[in-house]
Amino acid sequence: VGRLLRERPQYSVGFVDIGGWDTHAGQGGVSGALATRLDALASGLGQLATALGPREWDRTVVVVLTEFGRTFRENGSRGTDHGHGTTLMVLGGKVRGGAIRGSQAGLGPGQLHEDRDVPVINEYRATLAGLYGRMYGLGETALDRVLPGARAIDLGLL
């Protein structure tokens, strides 16, 4: 994808779907199934930056997301089940990074959804709409065609 985007200027958007994140059992902590997947993700993102080269990386925005939430507490088979909230990462040479943006939920007693899930407090489609608006100059009408019903939020990332 990095080489394609660097060598073919007619392509400016790429998508990669990576499976293997279902960690219902034996998820692990510092080592284990989840740590292995995260290591592969980090390696792939590094390879993307290298393949793009410094010039293209400086113009790039990468969004890593899942619509699939996880429970906060480990289940009986030492994994995490389908949950509610999730994480979204935005990186690239064009991104004003180094900070956590948006809202964060507390993880203490009474703060989890159904006392087990991280609550949904940042709608990922709204974040994408905010990024698309800034990157491509899209207004509300155009954004509504791409992400129907999403209300764009600008987290000051670009």
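Computed values, structure above
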{"quantity": "Placed amide H near VAL62: partners under 5 Å, 5+ positions off or other chain", "calculated": "LEU91, GLY92"}
{"quantity": "Net charge dipole size for region 9-158 [Lys, Arg +1 and Asp, Glu -1 on Cβ; Debye, nearest 20]", "calculated": "420"}
{"quantity": "Estimated translational D of the chain in µm²/s (Stokes, Kirkwood radius over Cα pairs; 25 °C; 0.890 mPa s)", "calculated": "140"}
{"quantity": "Percent carbon-and-sulfur accessible area, the chain, ignoring ligands, DNA and RNA, probe 1.4 Å", "calculated": "52"}
{"quantity": "Value of relative contact order over the chain, rounded to a whole percent, pairs C-alpha under 8 Å and six or more apart", "calculated": "18"}
{"quantity": "Heavy-atom accessible area per residue - the chain, 1.4 Å, Å²", "calculated": "66"}
{"quantity": "Rounded FRET efficiency, nearest 0.05, which uses the C-beta distance separating ASP154 from VAL30 and R0 of 22 Å", "calculated": "0.05"}
{"quantity": "³J(HN,Hα) computed for each position of region 79-93 - Karplus, 6.51 cos²θ - 1.76 cosθ + 1.60, integer Hz, glycine/proline x", "calculated": "x, 10, 8, 4, x, 10, x, 8, 10, 10, 10, 10, 9, x, x"}
{"quantity": "Cut-off under 5 Å, modelled amide H: who pairs with THR71 long-range", "calculated": "ASP81, GLY83"}
{"quantity": "Angstrom value of the Kirkwood radius, inverse mean 1/r, which spans all Cα pairs in region 13-65", "calculated": "12.7"}
{"quantity": "Viscosity 1.306 mPa s, 10 °C: Kirkwood-radius Stokes-Einstein D of region 96-158 over Cα pairs, µm²/s", "calculated": "121"}
{"quantity": "Phi to ³J(HN,Hα) by Karplus 6.51 cos²θ - 1.76 cosθ + 1.60 over region 118-124, Hz, x for Gly, Pro", "calculated": "5, x, 7, 10, 10, 7, 4"}
{"quantity": "C-alpha long axis of helix 33-57 to longest principal axis of the chain, angle in °", "calculated": "10"}
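The values are calculated or read from the model by the stated rules, or taken from the named source; none is laboratory data. Because the structure is a prediction, the values reported are computed rather than measured. Every residue, glycine among them, receives a Cβ derived from its backbone with ideal geometry; neighbour counts consider all protein chains shown. Areas reflect the complete protein model, heavy atoms only, side chains present, ligands, DNA and RNA absent. Shrake-Rupley method; radii C 1.70, N 1.55, O 1.52, S 1.80 Å.
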